[in-house]
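Inspection log for the structure reproduced underneath, given as structure tokens.
The values are calculated or read from the model by the stated rules, or taken from the named source; none is laboratory data. Keep in mind it's a predicted model, so treat the numbers as computed, not measured. Note: ideal-geometry Cβ built from the backbone for every residue, glycine included; neighbour counts use all protein chains shown. Remember, those area values only see protein heavy atoms, side chains included, never the ligands or the DNA or RNA. Shrake-Rupley method; radii C 1.70, N 1.55, O 1.52, S 1.80 Å.
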Amino acid sequence: MNITWDAEKYTSDFSFVHRYGNSVAELIDAAPGSLVLDLGCGNGALTKALQDQGYKVIGMDASKELLDVARKNHPEIRFVQGDAADFVLPEPVDVVFSNAVFHWIEKEKQPDLIKCVYHTLKKNGQFVFEFGGSNNNQLIHSVLETVFREHGFCYKNPFYFPTIGEYASLLENAGFQVKYAVLFDRLTELKGENGMEEWIRMFVKTPFTVIQSQQEKKAIVNQAVKELKKDLFINGKWYADYVRIRMKAVRV
Ligand code: BEZ
């Protein structure tokens, strides 16, 4: 999925994305000085946290906007532009780490992504990641689907949210051994009184490209937000109904 990111807003208003990533990194079991690739590093906040834990790090992202922020904030770190489903690194790495990225990559490209990771890892190298799992943001996407239909449009959820069984099979087919897998709910507080509207505007872009009228886009977002208020506006705060899939696999 090609997205142009508002890197500053992403960094200031959606910092929970990288904050939660710190606990994913706890699954890494590697000696200090091991080389870790942060795949889909975004603004580089987690790449820096991995470096602070004593690893050598490389950050890779497809987005020039996010890499500009990463390089500005962390000039001492090596950041490279690359597509997670089509990359080769000049040297093998001990660990591939990724947080909140793989749901952006089409289902059809997931085997390519896993193959790239496999070939970039050393033997016994670790693949540690978390992203949106089965039923992620179910309430939000189902309300958007209904509102789109009411306006005469078809809503296609643009994200890939697999079950553990599905993703474990892909990993095993590629030669990985799955060591750890968990799927869990994470109701996540959004920032500010317009938190849901801003979340939809920041993250749900491609379904809206079929709608020409800016006024109609606005009306759809407003109607969806109104509908979602019943379930996701709790004690004066907005929440998103996240579900995470978190796994660790080893290249055997
Ligand atoms: C996620 O982190 O699960 C996610 C974020 C934005 C859009 C879709 C999924």
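A few notes on this one:
- Criterion violated by T146 - all others in (1) within 16 Å of the ligand (Cβ to nearest atom); (2) more than 19 Å from V96 (Cβ to Cβ) satisfied: (1)
- The residues on offer are F184, F159, F129, and the sole one that is touching a strand residue (DSSP E or B) at 6+ places or on another chain (Cβ under 8 Å), farther than 30 Å from S34 by Cβ, within 16 Å of the ligand (Cβ to nearest atom) and not in a helix (DSSP H, G or I) is F159.
A quick yes/no check of all residues on (1) within 14 Å of the ligand (Cβ to nearest atom); (2) open to solvent by 20 Å² or more (accessible area, probe 1.4 Å):
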position: P75; (1), (2): no, yes
position: R78; (1), (2): no, yes
position: D83; (1), (2): no, yes
position: V88; (1), (2): no, yes
position: V93; (1), (2): no, no
position: W104; (1), (2): yes, yes
position: E108; (1), (2): no, yes
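- Filtered residue count, region 162-173, keeping only those that are assigned to a loop (DSSP other than H, G, I, E, B) and either open to solvent by 40 Å² or more (accessible area, probe 1.4 Å) or away from the ligand (no atom under 15 Å from the Cβ) (or both): 1
- Filtered by the rule that a residue be open to solvent by 10 Å² or more (accessible area, probe 1.4 Å) and either modelled with pLDDT under 95 or within 16 Å of V243 (Cβ to Cβ) (or both), region 120-140 gives S134, N135, Q138, L139.
- Which numbered condition N124 misses (of (1) within 17 Å of M60 (Cβ to Cβ); (2) polar (S, T, N, Q); (3) in contact (Cβ under 8 Å) with a residue 60 or more places away in the chain): (1)
- Filter result for V57 (in a helix (DSSP H, G or I) and crowded, with 17+ Cβ neighbours inside 10 Å): no
- Any hit, region 193-212, residues being in a strand (DSSP E or B), open to solvent by less than 40 Å² (accessible area, probe 1.4 Å) and either more than 19 Å from K107 (Cβ to Cβ) or more than 15 Å from the ligand (Cβ to nearest atom) (or both): no
- Qualifying residue in region 214-236 (condition: open to solvent by less than 80 Å² (accessible area, probe 1.4 Å), assigned to a strand (DSSP E or B) and of a type in the set (A, V, I, L, M, F, W, C)): yes
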